[in-house]
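Right, one structure below, let's go through it.
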Amino acid sequence: MFKLDDNLLIELGLGSLPNVEKNRMLSHIYETLEMRVGMKLAQQMSNDQLNEFEQLIDQQNEAGALKWLETNFPDYKKVVASELESLKTEIKTEAPKIIAAIEQNNQLAQNNQQNIPANQQQPPLNSNPQMQQPDSLSGNQQ
């Protein structure tokens, strides 16, 4: 069928992203594709079919849901392919903006980290002195 991997990102013009951003983008593509395909198929389902399919999804029965789709919507793979192509076209158009925004965010994060004076950086959690309870609360009144 199709693979959501580094080759897809290269095809989309996003091959230069840092690995962390590649993983985020692949997750975003998968979630968006899943939502769009689900919406497209749901428009074609009767209420009974929708309830049956939702039950399988709610039970996290992926194999059952896949078999159900193959039985009730034998052309669902065409819907997936069509929605993937639409999504790829959108992403290709936006790829330069996506890369620029990520690079800008990474640069800002680096600059912010470098501009924090050493005496204002967060101390390690274990170096904070313990707070002392006022004498009036601890029962040690003078």
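Data for the structure
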| quantity | calculated |
| --- | --- |
| Residues satisfying the stated conditions in region 9-53, i.e. touching a Phe, Trp or Tyr at 6+ places or on another chain (Cβ under 9 Å) and farther than 19 Å from GLU83 by Cα | GLN49, GLU52, PHE53 |
| Odd one out for THR71, checked against (1) modelled with pLDDT of 90 or more; (2) among the β-branched types (Val, Ile, Thr); (3) within 30 Å of LEU17 (Cβ to Cβ) | (3) |
| Residue list for region 63-114, restricted to those being over 17 Å from GLU34 (Cα atoms) and in contact with a Phe, Trp or Tyr (Cβ under 9 Å, 6 or more places away or on another chain) | ASN72 |
| Any hit, region 37-55, residues being of a type in the set (D, E, K, R), surrounded by 14 or more Cβ atoms within 10 Å (Cβ to Cβ) and within 18 Å of the chain's Cα centre (by Cα) | no |
| Residue ranges of helices (runs of 4 or more DSSP H) in region 1-82 with at least 2 members free of Cβ contacts under 8 Å to residues at least 12 places away in the same chain and aliphatic (A, V, I, L, M) | 19-44, 47-58, 62-72 |
| Sole exception among (1) modelled with pLDDT under 90; (2) surrounded by 11 or more Cβ atoms within 10 Å (Cβ to Cβ) for ASN126, by number | (2) |
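The values are calculated or read from the model by the stated rules, or taken from the named source; none is laboratory data. Because the structure is predicted, anything quoted here is derived from the model rather than measured. Methodologically, a virtual Cβ is constructed for each residue, glycine included, from the backbone with ideal geometry; neighbour enumeration extends over all protein chains shown.
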